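Reviewing the structure listed below.
Bear in mind these aren't lab numbers, they're just calculated from the coordinates by the rules spelled out. All of these numbers come straight from a predicted model, not from anything done at the bench. Positions of Cβ are generated from backbone atoms using ideal geometry, with glycine treated the same way; all protein chains shown enter the neighbour counts.
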Amino acid sequence: MRKSGFFYVLSLVFIFLFSTSVGDIQPFQEFQAKAYYFSKSKMELGDWGARLSEAQKKQIAARMRNRLEKGYVLSFNKEESLFVEEDQLDAISGATDSWGKNFTPGTQYKNVKSNTQLQEQEFYGKKFLINDVLQPIEWKLESETKNIGNYTCFKATASIPTKELTWYSFSWDNLRETNNSEIDSTQTKDIKMTLVEAWYTPQIPVRHGPLEYWGLPGLILEVSADNTTMLCSKLVLNPGEIIEIEAPSKGKQVTKLEYRTIINNKMVEFRDNRMRRR
């Protein structure tokens, strides 16, 4: 997976941002921490974008900045983690991206001991609580290493069905893939896969990570998948105040598959209603 020079430079800059006075990690059962991540996605405009001028592309990128660049906080202890997006204002209008939030990950709770995931999602005003198991990932541990801040990180790779990483989102391509799979249950060759590259540090021996990523023998500090790279920019170990990790509890309980079916059906309904009005 290609990595932009932006993130290599950012990695060097973050060396100076990591705290060097956190002290020794306390007995593991008392361990708690917060990791701050910065996410940057490459804008994909497809065939339509090929007809645009560079000035038009830059204008679109500026308007989409709140979708392409995001900040997150991962609070965690030995067994539990809570992953939350930091609120950002639209770069142009100063308004929050209310439409885009229909297809972005909500507050996510993971418990690596019980293999459970609870995640709040809101879809066009209706709240859902996704109650499911953690995404199974078959990591391949590599020997390659690099430093991120003050931490030595090891590389790991995996190939994961794309729809399992983006179950909270929607695309017509994923819908067609799902429909084809229902028609032919033996069909596997056309399933879209995403190559994931992660960098984890055994110096923080927990199996946590951002979004759907977890299960490595150390905290994931950087992960790249498709056109998005997420990098830990700040890490605070054992802060003075107690970190409250409270699992979300609001919304109609469904599984990931049930939620994906709900939003797929609703988007088809929106499309059909629009076509009938025309």
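For this structure, a couple of remarks:
- Overall form of segment 204-244 per C-alpha gyration tensor (a/c, 1.5; a/b vs b/c): prolate
- Its Cα gyration tensor gives segment 106-170 an equivalent ellipsoid, and the semi-axes of that ellipsoid, as √(5λ) in whole Å with the largest first, are 29, 14, 13.
- Sites Ser249 and Glu54, calculated FRET efficiency, Cβ-Cβ separation with R0 35 Å, nearest 0.05: 0.15
- Too-long pairs where the Cα-Cα distance tops 31 Å, listed order kept, from Lys42/Lys252; Lys155/Lys234; Lys78/Lys155; Lys110/Lys266: Lys42/Lys252
- Taking 0.36 nm per residue of separation and subtracting the current Cα-Cα distance, fully stretching the chain between Ser169 and Asp226 would add 19.0 nm.
- Each peptide in 251-258, 152-159 was scored by the mean count of other Cβ atoms within 10 Å over its residues; highest first, the order is 152-159, 251-258.
- Projecting label points 7 angstrom from Cα along Cα→Cβ for Met193 and Lys78 puts them 3.6 nm apart.
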